[in-house]
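The values are calculated or read from the model by the stated rules, or taken from the named source; none is laboratory data. In this text the structure is predicted, and so the values were computed from the model without any measurement. Because the Cβ atoms are built from the backbone with ideal geometry, glycine has one as well, and the counts that use them run over all protein chains shown. When the accessible area is computed, the model is the full protein with side chains, heavy atoms only, and any ligands, DNA or RNA have been set aside. Shrake-Rupley method; radii C 1.70, N 1.55, O 1.52, S 1.80 Å.
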Amino acid sequence: EAQVTQNPRYLITVTGKKLTVTCSQNMNHEYMSWYRQDPGLGLRQIYYSMNVEVTDKGDVPEGYKVSRKEKRNFPLILESPSPNQTSLYFCASSVGLAGGIAEQYFGPGTRLTVT
Amino acid sequence: TQLLEQSPQFLSIQEGENLTVYCNSSSVFSSLQWYRQEPGEGPVLLVTVVTGGEVKKLKRLTFQFGDARKDSSLHITAAQPGDTGLYLCAGWNTGFQKLVFGTGTRLLVSP
C-alpha cells in the first residue's frame, strides 16, 4: 500500500530535550516536506527537499533541522524544543512539484506537546 | 507572505443542506487544490483546478477556480455526515515555486 508513515504519532516532551520525528514514504517520491498545523493558521511549511541531499527552508524553519540521506526518509529534528513548537506535524511527499498540480500525500500526523 | 483566506472558518449544518466554502487571495495562483482532512489523519487531495473559470464536479462536490485565478469555491450539495472534516485550499505560486495552504474550514454535518 502506497503510504507516508510518521513516528511517533504522539509525543510529550520537556523543553530542551532533543527529539526526532521520522517520516518514510514507499512511493519513490522525489519531493518531501514537513508542515506544522496550528488552529486558524492552516498548514505552514517548515522544510522541504527536492531530492536526496537537497533540502531548503520553508516558511517557518526556525528551531528545526532536517536531513535527506535516502530518498524514502526525511526526519524532522528539534535540537532544543520549546513550548511554541507544540503543534500537529505532517510529513508529505509527491512525485515532484509539477507546477503545483502534483498530489501531496500526507502522513497521519504527529501531535507534539512541549512542556 | 501570501495568504489564502478561507471562509467561513466553521460551519455546522444539518444533513441535506447545501453549503459553499470560499478561498480568497490577493495573489494569482497558477493552480489550486482542495484537500479534506478527517480527525486523526492527514489531508487527502480532492481536486486540482488549473484554468481560470474552470469548474470541476466530484459527485456532490463542485469546485470552481476564479476567472482571475485569485479565488476558488467549493460547493457541496445535499451534505451528508460523511462530508464532515476540515477543508483546505492550497494555491501554487509560480514565482516562489511553493504551495500555499489556506486557513481551513471546519465542517460538521449532523444527521
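Between A:Q37, A:Q25, which is within 14 Å of chain B (Cβ to nearest Cβ), within 17 Å of A:G96 (Cα to Cα) and surrounded by 15 or more Cβ atoms within 10 Å (Cβ to Cβ)?
A:Q25
Given (1) free of Cβ contacts under 8 Å to residues at least 60 places away in the same chain; (2) closer than 24 Å to B:S31 by Cα; (3) within 13 Å of chain B (Cβ to nearest Cβ), where does A:N51 come up short, assuming only one miss?
(3)
Could you please give the count of residues in the range B:51-69 that are more than 19 Å from B:P8 (Cβ to Cβ) and surrounded by 17 or more Cβ atoms within 10 Å (Cβ to Cβ)?
Qualifying residue count, the range B:51-69: 3.
Among the residues of the range A:27-53 satisfying the criterion of being of a type in the set (A, V, I, L, M) and more than 23 Å from A:A2 (Cβ to Cβ), which is farthest from the chain's Cα centre (by Cα)?
Ranking the qualifying residues of the range A:27-53, first place goes to A:L41.
Kindly indicate which of A:Y31, A:Y105 is open to solvent by 30 Å² or more (accessible area, probe 1.4 Å), within 13 Å of chain B (Cβ to nearest Cβ), among the aromatic types (F, W, Y) and closer than 27 Å to B:G91 by Cβ.
A:Y105
Could you run through the range B:71-108 and say how many residues are more than 11 Å from chain A (Cβ to nearest Cβ), open to solvent by 20 Å² or more (accessible area, probe 1.4 Å) and touching a Ser or Thr at 6+ places or on another chain (Cβ under 8 Å)?
Final tally of qualifying residues: 6.
Residues that are within 12 Å of chain A (Cβ to nearest Cβ) and touching a helix residue (DSSP H, G or I) at 6+ places or on another chain (Cβ under 9 Å), at least 1 per element: which strands (runs of 3 or more DSSP E) completely within the range B:1-70 meet that?
B:31-37, B:44-49
If you scan the range A:56-70, which residues turn out to be open to solvent by 60 Å² or more (accessible area, probe 1.4 Å) and either in a loop (DSSP other than H, G, I, E, B) or under 22 Å from A:N26 (Cβ atoms) (or both)?
The answer is A:D59, A:E62, A:K69, A:E70.
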